[in-house]
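One structure below.
The values are calculated or read from the model by the stated rules, or taken from the named source; none is laboratory data. Keep in mind the model is a prediction, meaning the values are calculated, not measured. Counting neighbours? That spans all protein chains shown, and the Cβs are built from the backbone with ideal geometry, glycine included. Ligands, DNA and RNA are stripped out before the accessible areas are found, and what is left, the full protein with its side chains, is counted by its heavy atoms. Shrake-Rupley method; radii C 1.70, N 1.55, O 1.52, S 1.80 Å.
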Amino acid sequence: MAMERKVNEPPRAGTPGMWRAEVLGYALLRICFGAILLTHGLPKALGTAHGSMADPMQGSIHLIGERMGLPFAPQLAWLVMLLETVGALLLILGAGTRAVAALVALEMVGICLALGPTWPWIDRGIEYPVLMAVLAAYLAVRGAGPLGLDAVWRRGR
């Protein structure tokens, strides 16, 4: 009789050690993704420089308003800052992972469309947002995994 897999649990191919390594590896991916996203949100929230951007929030307002042509650029930039800070912390914890990751994927696709199609990394290419969009889409489809708060809350029901 074959064992049934729980939702959000990877197939148990190989040894139990392989399954543990996959679970830990996926948790590490989710946590690092959230931490990297947080490094882009905190400078916006704190009003500090980030790399070559003296004012990252103003850079976001410019991208949204001028490059993307969207109205309410300051308000949308504030929402982006919240997604990149609060959302990043939620991803690190594995809480609300599917929804937050889907929003990040949409944000990154928007950035790719606004900046693209340039690929040279040295001239503000879109490699970073493309990679972040793909990883966010993967997190949105897969969820937090067994080591996220989403799984803990699901087990508690």
**Request:** Have a look at 117, 91, 58 and report the one farthest towards the positive end of the charge dipole of the stretch 53-157, computed about the Cα centre with Cβ charges (Lys/Arg +1, Asp/Glu -1).
**Result:** 91
**Request:** For the stretch 22-28, just list the computed ³J(HN,Hα) in residue order, Karplus coefficients 6.51, -1.76 and 1.60, θ = phi - 60°, integers in Hz, with x standing in for Gly and Pro.
**Result:** 5, 5, 5, x, 5, 4, 4
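What ranking, highest mean first, results for peptides 70-82, 31-43 when packing means the other Cβ atoms within 10 Å averaged over each residue? Let's see the in-between values first.
Numbers: 70-82: 15.8, 31-43: 18.2.
Top of the packing list down: 31-43, 70-82.
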**Table column - 3J(HN,Hα) (Hz), the stretch 74-89, Karplus curve with 6.51, -1.76, 1.60, x for Gly and Pro** = x, 5, 5, 5, 5, 5, 4, 4, 5, 4, 7, 10, 4, x, 4, 5
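At 1.4 Å probe size, with the rest of the protein present, what percent of the exposed accessible area of the chain is carbon and sulfur atoms? Don't skip to the answer; put the middle values down first.
Working: 6890 of 9580 Å².
Here it works out to 72 percent.
So what is the accessible area of the stretch 28-105 per residue, in Å², with the probe set to 1.4 Å? Numbers along the way, then the final one.
Values: 3990 Å² over 78 residues.
Per residue, the stretch 28-105 has an accessible area of 51 Å².
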